[in-house]
Amino acid sequence: MPLIVLWDIDHTLIDNAGVSKEIYAAAFTVLAGRAPARPARTEGRTDRLIIAEMFHDHGLEAPAWEDALPALEAAGAGREADLNQRGRVLPGVRQALKAVAEEADMVSSVLTGNIAANARVKLGAFGLDALLDLGVGAYGADSTDRAALVDLARSRVRAVYDLPDDTAVVLVGDTPRDVDAALESGAHIVAVASGVNTEDELRQAGADLVLPDLSDLDAFMVHLRELAR
């Protein structure tokens, strides 16, 4: 049976070393006409929600998304060198992405709060983009609700790959928001404690499988193959 594997990016695949916060600050400055007094709150939120909450946190009305989107794209453009110099690919990630890409019955894409342009910048900085089908993923411009992104990505993958309606989906992410999105949308979840949340916190959130990171490739792939069966 086929399996759809959807990966979060920040703190699941890469450590962006603060570049994300700089992107949000730059976009806020352009949109608000002044620098932010406090950083964006991320922790698994989508870009639509991050920008709206950032403005609310400053006592300002959130901008129209039609204005926020190009500001975010401009703020993220050309940040590959910063990411490559300061950030890193997290343990086991490259090997895990390659292993899933080599499985004939698995489709590997992203489910991320980042807008598509900035997701490509972050993945491209480390050469991870070639290991994923980014055309069928779901992104932060699509919804404020992460669970809604699961349904969207599921529909995109099924349409392109002509998969059955009951094809299983598994999210790989690092926050309770990733866990909640999977549970709300009927997907499976593999949680990795490579971000700010501990293994216990992710288990308490309801994750199917919790790993410290993706270093144990055998355990990860055994679990995915079991889900496919």
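The values are calculated or read from the model by the stated rules, or taken from the named source; none is laboratory data. What you see is a predicted model, and the numbers here were worked out from it, not measured in a lab. Here the Cβ is made from the backbone with ideal geometry for all residues, glycine too, and neighbour counts use every protein chain on show. In case anyone asks, the SASA skips ligands and DNA or RNA and just uses the protein heavy atoms, side chains included. Shrake-Rupley method; radii C 1.70, N 1.55, O 1.52, S 1.80 Å.
Computed values, structure above
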{"item": "Residue in region 203-229 that is least open to solvent (accessible area, probe 1.4 Å), counting only those that are over 14 Å from Val179 (Cα atoms) and assigned to a loop (DSSP other than H, G, I, E, B)", "result": "Leu214"}
{"item": "Flag if Leu214 is modelled with pLDDT under 95 and in contact with a Leu (Cβ under 9 Å, 6 or more places away or on another chain)", "result": "no"}
{"item": "Test: residue in region 76-83 that is of a type in the set (Lys, Arg) and touching a Pro at 6+ places or on another chain (Cβ under 9 Å)", "result": "no"}
{"item": "Any pair with Cβ under 7 angstrom, 6 or more apart, that starts in region 58-69 at a residue that is under 15 Å from Ala26 (Cα atoms) and ends at one that is aromatic (Phe, Trp, Tyr)", "result": "Pro63/Phe55"}
{"item": "Lone unmet requirement of (1) within 25 Å of Met221 (Cα to Cα); (2) open to solvent by 20 Å² or more (accessible area, probe 1.4 Å); (3) touching a residue at least 60 places away in the same chain (Cβ under 8 Å) for Ala141", "result": "(1)"}
{"item": "Residues of region 71-83 satisfying the condition of being surrounded by 14 or more Cβ atoms within 10 Å (Cβ to Cβ) and in a helix (DSSP H, G or I)", "result": "Ala71, Leu72, Glu73, Ala74, Ala75, Gly76, Glu80, Asp82, Leu83"}
{"item": "Residue ID - most open to solvent (accessible area, probe 1.4 Å), chosen from residues in region 45-70 that are part of a loop (DSSP other than H, G, I, E, B) and more than 20 Å from Arg120 (Cα to Cα)", "result": "Glu61"}
{"item": "Residues of region 183-197 satisfying the condition of being among the hydroxyl-bearing types (Ser, Thr, Tyr) and either surrounded by fewer than 16 Cβ atoms within 10 Å (Cβ to Cβ) or under 17 Å from Glu43 (Cα atoms) (or both)", "result": "Ser194"}
{"item": "Number of positions in region 23-44 that are surrounded by 15 or more Cβ atoms within 10 Å (Cβ to Cβ) and basic (Lys, Arg)", "result": "0"}
{"item": "Residue selected from region 165-177 under the condition open to solvent by 60 Å² or more (accessible area, probe 1.4 Å) and part of a loop (DSSP other than H, G, I, E, B), by the criterion nearest to Ser215 (Cα to Cα)", "result": "Asp166"}
{"item": "Given (1) in a helix (DSSP H, G or I); (2) under 24 Å from Met221 (Cα atoms); (3) open to solvent by 10 Å² or more (accessible area, probe 1.4 Å), number of the condition Phe126 does not satisfy", "result": "(1)"}
{"item": "Among the residues listed as Asp180, Asp200, the single one being within 19 Å of Asp10 (Cα to Cα), open to solvent by 20 Å² or more (accessible area, probe 1.4 Å) and at pLDDT 95 or above", "result": "Asp180"}
{"item": "Pair list, Cβ under 6 Å, 6 or more apart: region 6-17 residue touching a residue at least 12 places away in the same chain (Cβ under 8 Å), other residue open to solvent by 10 Å² or more (accessible area, probe 1.4 Å) and of a type in the set (D, E, K, R)", "result": "Asp15/Arg88; Asn16/Asp10; Ala17/Arg86"}
